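Notes follow the structure.
The values are calculated or read from the model by the stated rules, or taken from the named source; none is laboratory data. If you're wondering where the values come from, they're calculated on a predicted model, not measured in any experiment. Cβ atoms come from the backbone with ideal geometry, glycine included; neighbour counts cover every protein chain shown.
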Amino acid sequence: MTNEKRVYYLLQQYLDKHISPEEMEELADLLQDGQQAPLVQDTIQQLIEEQPVDNRGDITRWDARIAAIVGIDKEHMPALPAGRVRRIRPWGWVAASVVLLLGISSYLWLTNHRSKDQATISAGSLAQNEIRPGSNKAILTLAGGQQIILDSTVNGLVAQQGGATITKLSNGQLAYQINKGNVTGRVYNTMSTPRGGQYSLLLPDGTGVWLNAASSITYPTVFTGNNREVVISGEVYFEVAKESARPFRVKVNDMVVEVLGTHFNINSYTDESTIKTTLLEGIIKVVQRKMGGETLAVVLKPGQQALAAEQIKVVDHADVDQAMAWKNGLFNFNKLTIQEVLRQLSRWYDVDVVYQGIVTPRKFGGEIGRDLNLSEVLDGLEAAGVHFKVEGKKLIVIP
């Protein structure tokens with residue numbers, strides 16, 4: 001067999017998950033040989049070109065295998081390429097796929113060596129329990145306690161509350177419009193998303209709000225007085241309308257974020273160790289009120305992130321792409337542990353994660369679309385040597 005045919009065979013076996021332990025070692029050696037890079041690139045291009053145009057499933061599966069998630073020991077973790085690798089872009093991600101293969105596949109076998117007789121549970125075996133990704137769904141709770149399921153509500157007028165008209169727009173977003181001269185006092189509404197849901201909202205001052213899964217926001221139907229204040233839980237992204245005379249305040253637990261007009265994201269899930277506030281535009285102040293009356297405060301500039309726990313730590317060069325990945329339709333697993341990864345999957349796919357035994361500590365990397373089925377994401381994770389079994393809405397992790 002010629003060298004070209006052998007490279008083709010090995011890559012085909014790897015992408016189809018039919019590669020043997022001996023072949024995996026051969027492929028790892030091949031990828032460590034820099035002189036083989038042009039041949040590997042040409043072969044991947046050839047493999048993709050050979051796929052029928054409508055063969056969406058195979059390209060999706062390959063994208064998960066090549067690009068998404070390879071777990072390796074932290075000290076051996078190579079840098080990922082700057083360009084994003086997203087699903088079903090066979091022509092756009094060819095070069096990036098090669099970089100990923102050359103950069104990380106050589107570690108795949110060395111750092112996640114599997115014994116020959118170890119059972120592998122592939123995504124194919126999970127297909128019978130297919131779990132779809134989350135979607136736009138939320139519940140609106142009115143001042144009187146009435147609840148409206150927004151994803152099943154038709155576009156148009158939803159309700160009228162406290163001098164505001166509530167409308168569901170054609171793009172699914174919920175919007176509040178003030179009826180001047182008809183404000184009857186301050187009343188509050190709450191929008192909440194379940195696990196497996198997300199939704200967006202236009203507040204009465206024009207501020208845009210996006211809720212991730214398992215999140216909520218409580219707000220007045222009309223902002224009155226000298227400030228605009230809302231209360232949140234979970235993860236919420238804001239694009240605040242500028243009003244120099246009325247600051248915008250976001251309350252979450254014992255913390256307050258104060259702004260005038262800016263773009264920022266707050267991740268305050270209770271199962272995470274810190275509350276992360278990431279600033280994209282403008283300037284914000286993060287204030288934390290401790291028991292006993294102590295107050296901690298930091299001012300953030302664009303690109304910075306505040307991590308609030310017992311104290312507030314400022315990260316000067318935050319991973320903004322990671323903070324905003326969910327709003328941009330992606331999972332970003334850069335330098336995350338398997339536990340951190342699976343907490344995201346649990347919220348988005350509405351599954352309960354159960355660990356069967358001790359999972360080896362490792363870091364992951366890469367991005368993958370949130371519009372994939374759960375099995376396709378797990379297929380990428382399995383390439384790192386972590387295996388799964390799905391039983392109903394339970395995701396069992398097998399070391």
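Observations, loosely collected:
- Of the candidates Val154, Val183, the single residue that is outside any strand (DSSP E or B), over 31 Å from the mean Cα position of the chain (by Cα) and not charged (D, E, K, R) is Val183.
- Count of the stretch 212-231 residues which are in a loop (DSSP other than H, G, I, E, B), among the small types (Gly, Ala, Ser) and surrounded by fewer than 21 Cβ atoms within 10 Å (Cβ to Cβ): 1
- Among the conditions (1) on the phi > 0 side of the Ramachandran plot; (2) free of Cβ contacts under 8 Å to residues at least 40 places away in the same chain; (3) under 29 Å from the mean Cα position of the chain (by Cα), Ala214 misses just one, which is (2).
Quick grid of which residues meet (1) assigned by TED's automatic domain parsing to the domain that holds Ser215; (2) among the aliphatic types (A, V, I, L, M); (3) closer than 17 Å to Gly208 by Cα; (4) touching a Leu at 6+ places or on another chain (Cβ under 8 Å):
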residue: Glu272; (1), (2), (3), (4): yes, no, no, no
residue: Lys276; (1), (2), (3), (4): yes, no, no, yes
residue: Ile284; (1), (2), (3), (4): yes, yes, yes, yes
residue: Gly292; (1), (2), (3), (4): yes, no, no, no
residue: Ala297; (1), (2), (3), (4): yes, yes, no, no
residue: Lys301; (1), (2), (3), (4): yes, no, no, yes
residue: Ala306; (1), (2), (3), (4): yes, yes, no, yes
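- Residues in the stretch 232-250 that are under 22 Å from Asn189 (Cβ atoms) and either hydroxyl-bearing (Ser, Thr, Tyr) or surrounded by fewer than 16 Cβ atoms within 10 Å (Cβ to Cβ) (or both): 2 in all.
- Condition met for Tyr199 (buried (at least 23 other Cβ atoms within 10 Å of the Cβ) and at pLDDT 95 or above): yes
- Qualifying residue in the stretch 192-211 (condition: aliphatic (A, V, I, L, M) and under 19 Å from the mean Cα position of the chain (by Cα)): yes
- Pairs with Cβ under 6 Å, 6+ apart, first in the stretch 339-363 and under 13 Å from Leu374 (Cα atoms) and aliphatic (A, V, I, L, M), second at pLDDT below 95 and crowded, with 17+ Cβ neighbours inside 10 Å: Val341/Phe333; Val341/Phe364
- So Tyr8, is it of a type in the set (Ser, Thr, Tyr), surrounded by 18 or more Cβ atoms within 10 Å (Cβ to Cβ), assigned by TED's automatic domain parsing to the domain that holds Asp379 and at pLDDT below 80: no
- Residue within the stretch 272-292 that is modelled with pLDDT of 95 or more, among the acidic types (Asp, Glu) and not in a strand (DSSP E or B) present: yes
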